[in-house]
Structure formats: structure tokens, C-alpha cells
Amino acid sequence: MQVRVKLMGVLKEKMPEGGALELADGATIEDALQTLEIPHESVHIISVNGSFERDFGRTLEPDDEITVLAPVGAG
């Protein structure tokens, strides 16, 4: 199945070609992060279809849109 991905901040460099990620049916947010090689400590907020999500075990559906925001530091 294919999901759409938006990566913000320093994570933009890991954006897949065309903003789409191919995953196995029944894949979770955790599976998507592993495929994108994004460790948990690099994730501040995740949303799926515009709704904040805390459960990395949430199963994704075809055409879901995942947005991942990195932590932002200030000095």
C-alpha cells in the first residue's frame, strides 16, 4: 500500500521520492518510521490525516497522510 509523507524541519532530507512511501498492508507508523530511518528521538509530533497520533503501533490505511515534525531547539 502507499501512504503520503510530509517531513518537517531537519527530517526533510529523508523525504521519499514524490512524497509517497510504499509499505506492506497492515503496516504501522513504527514501520513507516523504520523504513524512513527516523529514530524515535527525532520525532516530536506525528499526525495521521491531520489528527495528532501518539501510538506508533497504529495501523495505517492506503492513502493515509503522515506528517512528522522534528523537535525544535532554541538557543
Exercise for review: Determine the relative contact order of region 2-69: mean sequence separation of Cα pairs under 8 Å and six or more apart, normalised by residue count, in whole percent.
Suggested key: 45
Review point. Applying the Karplus parametrisation 6.51 cos²θ - 1.76 cosθ + 1.60 with θ = phi - 60° to the phi angles of region 25-30, what ³J(HN,Hα) value in whole Hz is obtained for each residue in order, glycine and proline being reported as x?
Key: 4, x, 5, 10, 4, 4
Check your understanding: Do any GluC sites (Glu not before Pro) in region 11-75 lie in a DSSP loop with no more than 12 other beta carbon atoms within 10 Å, and if so, which?
Key -> 37
**Study point:** Label selected from [x] 12.3; [y] 18.2; [z] 12.0, the criterion being Kirkwood radius over Cα pairs in Å as computed here
**Key:** [x]
Practice item. Return 6, 12 ranked ascending by Cβ neighbour count within 10 Å, so the fewest neighbours appear first. Key: 12, 6
Study note, to complete from the structure: Net charge (Lys, Arg +1; Asp, Glu -1) of residues whose beta-carbon lies under 10 Å from that of residue 29, residue 29 excluded, is -3
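Quick note: the coordinates plus some simple rules give every number you see, no bench work behind them. Treat the numbers as computed from the prediction; the structure is a model and nothing was measured. Virtual Cβ from ideal backbone geometry, glycine too; neighbours counted across all protein chains shown.
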